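Asker: Dropping the structure in here first, questions after.
The values are calculated or read from the model by the stated rules, or taken from the named source; none is laboratory data. From a predicted model like this one, the values you see are computed outputs, not experimental measurements. Here the Cβ positions follow ideal geometry from the backbone for every residue, glycine too, while neighbour counts run over all protein chains shown. Just the protein is used for accessible areas: all its heavy atoms, side chains included, with ligands, DNA and RNA removed. Shrake-Rupley method; radii C 1.70, N 1.55, O 1.52, S 1.80 Å.
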Amino acid sequence: MGRKFARNIEDFICMNCGAHVKGNGYTDHCPVCLYSMHVDINPGDRKCTCLGVMKPVRSSLDRAGSFTIEYVCTKCGARKRVKAAPNDSKDVLMALGSKTDI
């Protein structure tokens with residue numbers, strides 16, 4: 001059974017860098033530092049009780065030129081991958097892409 005997506009339009013203040021983020025219903029991380037929160041079991045459902053900080057640890061670029069960000073939860077160790085948003089910091093994405101350790 002595939003994951004179901006629940007669109008939530010939410011603004012938030014980044015727990016890592018303090019940036020004020022305007023959500024569009026697909027926003028799941030800070031576009032400035034790329035940090036996120038472990039709040040979903042399935043995208044947008046807000047049913048995860050962990051609430052840990054999701055640290056971006058790596059990015060990858062596909063052949064079409066789109067970035068994917070890999071996260072690790074600093075509280076429970078869960079891992080997830082999400083597509084980067086068009087307004088994400090290209091400098092941070094590029095810096096993550098050069099990391100070889102997690």
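Asker: For region 38-58, which residues satisfy the criterion of being under 19 Å from A6 (Cα atoms) and either open to solvent by 60 Å² or more (accessible area, probe 1.4 Å) or in contact with an Asp or Glu (Cβ under 6 Å, 6 or more places away or on another chain) (or both)?
Answerer: I41, R46, K47, C48, T49, L51, listed by residue number.
Asker: Among L61, L34, which is the only one that is open to solvent by less than 20 Å² (accessible area, probe 1.4 Å) and closer than 16 Å to D88 by Cα?
Answerer: On inspection, the qualifying residue turns out to be L34.
Asker: Now for a separate question. Tell me which of these N87 doesn't satisfy, since it passes every other one: (1) closer than 19 Å to G97 by Cα; (2) among the polar types (S, T, N, Q); (3) free of Cβ contacts under 8 Å to residues at least 40 places away in the same chain.
Answerer: Against the list (1) closer than 19 Å to G97 by Cα; (2) among the polar types (S, T, N, Q); (3) free of Cβ contacts under 8 Å to residues at least 40 places away in the same chain, N87 comes up short only on (3).
Asker: Among the listed residues R46, R63, R7, identify the single one that is on the phi > 0 side of the Ramachandran plot and out of contact with any Lys or Arg (no Cβ under 8 Å at 6 or more places or on another chain).
Answerer: Every option except R46 fails the conditions.
Asker: Could you give me the residue pairs with C-beta distances under 6 Å whose first residue belongs to region 17-44 and is assigned to a strand (DSSP E or B), whose second residue is crowded, with 17+ Cβ neighbours inside 10 Å and of a type in the set (A, V, I, L, M) wherever it lies, and which are 6+ apart or on separate chains?
Answerer: Within 6 Å, the pairs are S36/M54.
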